[in-house]
Amino acid sequence: MTKAQLRTITGLIIAIAVLVVVILLTHSKGPSTLQLNLNLPDYQNLSVKLNSQPLAISQAQTTENLKKGFYTLNISKPNYKNFSTQFTISDGQTVLVNAVLMRLINTAVVSWSQISSANTLAPGATLVQATYFYQQTWAFLTITSNGEQGYAVVKYNDLSNQWQVVLGPGTYFTSAGVATLPTNVANFMNNNNYVAGG
């Protein structure tokens, strides 16, 4: 074999190798992903494990890149029924999981005195009405105190098993204060004109 023939064969091998790499790159699929949707009022004390490995979740929608394979997803939170599912994911596939955790206990507010520090904030107030959100873990309360009607936003604390005032009591609330609340609570307050200037 002459040097010219050897160079030609080497050139062909390199060209074929480059062509194979180009074909593999153009036909490769994108990453496999898990899209996890949670509808919870908060993510405190939330445990999410994928194949027994913890995932840090701090928002309603999370996307995780995964390798193809079989997975078990377990989600738990105090005072909620555990959620578990299994799935197999292929290269380039997206798996959507809408996890719904159901509350195990009834946390209805029946009196203003149930609220932690309520007597300090509005002594002698009476509960008139409660509008609940997120499986009775958040509530917008209408109260009366000294003949005046007012409002408060309260949140149920799973660790202390007590309701706590998050906003109020008051007659109207600032946009900045309402913006810190979960979406459903903030929308309710904006839509019902409980926000000053709203």
Taking a ≥ b ≥ c as the square roots of the Cα gyration tensor eigenvalues, with a/c under 1.5 meaning rounded and otherwise prolate when a/b beats b/c or oblate if not, region 112-191 comes out oblate
Assigning unit charges at the beta carbon (Lys, Arg +1; Asp, Glu -1) and nothing else, what dipole magnitude in debye, to the nearest 20, does region 32-99 show about its Cα centre? 160
Go through Val154, Ala186, Ser58 and say which Cα lies farthest out towards the positive end of the charge dipole of region 47-198; charges sit on Cβ, +1 for Lys and Arg, -1 for Asp and Glu. Ser58
Provide the gained length on full extension for the span Asn65 to Thr33, in nm with one decimal, where the gain is 0.36 nm per separating residue minus the Cα-Cα distance. 11.1 nm
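No lab work stands behind these numbers, since they all come straight from the coordinates. Everything numeric in this text was worked out from a predicted model, so none of it was measured. Neighbour counts run over all protein chains shown; Cβ positions are idealised from the backbone, glycine included.
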